[in-house]
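**Student:** Sharing a structure below in structure tokens format, with a few things to ask.
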Amino acid sequence: MTSAVPIRVGIVEDHPIFLELLSSSLNSVGGISVVATACSVTETKKWFKPAELDVLVLDIEFPDGNGVGLGIQMRKANPDLAIVLLSDLDMLDLIRGLPDEVRQGFSYLTKGATKSVETLAHVIRLASQGESVIDPALASRLRGHRSGALATLTTRQLQILEAVATGESNQGIADSLGITANAVGNHLIGIYESLGIPEGKNRRVAAVLKFLEDANPVDRYARAFA
């Protein structure tokens, strides 16, 4: 079932063939409409209207700038704009190093994950709903970090939090772990309490941001791109 109002997507990618592939693939998905494309930071600033977009899909590196800085600027013009960053390289530490107030609203995938248009479309849908999603292949390398607030979580809770960070639904997590969706919900309540996330805010997003933050954010990236 698709939404009556499509998710408005902008794409910025400096490889024209890949840009066309992303655009045509996403336009074939129900409920998503690519309304703007550009090949550079300069073109994006000139042509894009952030208020007319729901999700902005950005490469990270451009000859005339970077996608992180561009995403921050676009979100200043439209705080509800979700950013999905793409990269050929593992640049997860860059995202982890952003301040909390900046990192919220950003999702991150390797370009390898975009080989499946359904994977990318799924992340775009979640991002448009306020979720922050991390490529599963990259999230898994944070699994061993148990310092700070994460040290209070059990192994099962950490498994579930990692799955939430990759965009899995409660039912999807339940199916993969062989437990019930209710059990997942109960674990999430325990996770929120252990991480000190109060009711009244998007606890799921806040938990993902805590997972990303870990104990050692990379401050040099925050300074470079803030």
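The values are calculated or read from the model by the stated rules, or taken from the named source; none is laboratory data. In this text the structure is predicted, and so the values were computed from the model without any measurement. Neighbour counts run over all protein chains shown; Cβ positions are idealised from the backbone, glycine included. Surface areas here come from the heavy atoms of the whole protein model, side chains and all, with no ligands, DNA or RNA. Shrake-Rupley method; radii C 1.70, N 1.55, O 1.52, S 1.80 Å.
**Student:** So Glu168 clears everything in (1) open to solvent by less than 20 Å² (accessible area, probe 1.4 Å); (2) modelled with pLDDT of 75 or more; (3) of a type outside the set (Phe, Trp, Tyr); (4) touching a Ser or Thr at 6+ places or on another chain (Cβ under 8 Å) except one condition, right? Which one?
**Tutor:** So Glu168 meets the others, but not (1).
**Student:** When region 107-132 is examined, which residues are found to be in a loop (DSSP other than H, G, I, E, B) and open to solvent by 30 Å² or more (accessible area, probe 1.4 Å)?
**Tutor:** Ser116, Gln129, Gly130, Glu131 - these are the residues of region 107-132 that are in a loop (DSSP other than H, G, I, E, B) and open to solvent by 30 Å² or more (accessible area, probe 1.4 Å).
**Student:** So which residues in region 35-59 are open to solvent by less than 30 Å² (accessible area, probe 1.4 Å) and either in a helix (DSSP H, G or I) or out of contact with any Asp or Glu (no Cβ under 9 Å at 6 or more places or on another chain) (or both), if there are any at all?
**Tutor:** Scanning region 35-59 gives Val41, Thr44, Phe48, Pro50, Leu53, Val55, Leu56.
**Student:** Take Leu188 and decide whether it is under 22 Å from Ala151 (Cα atoms), modelled with pLDDT under 85 and assigned to a helix (DSSP H, G or I).
**Tutor:** Against the criterion (under 22 Å from Ala151 (Cα atoms), modelled with pLDDT under 85 and assigned to a helix (DSSP H, G or I)), Leu188 does not qualify.
Residue-wise test of (1) closer than 19 Å to Ala127 by Cβ; (2) modelled with pLDDT under 85; (3) not in a helix (DSSP H, G or I).
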{"residue": "Ser3", "(1), (2), (3)": "yes, yes, yes"}
{"residue": "Leu85", "(1), (2), (3)": "yes, no, yes"}
{"residue": "Leu89", "(1), (2), (3)": "no, yes, yes"}
{"residue": "Val102", "(1), (2), (3)": "yes, yes, no"}
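**Student:** Now, a different point. Among the residues of region 5-34, which ones are part of a strand (DSSP E or B) and open to solvent by less than 30 Å² (accessible area, probe 1.4 Å)?
**Tutor:** Passing the criteria: Ile7, Val9, Gly10, Ile11, Val12, Ile32, Val34.
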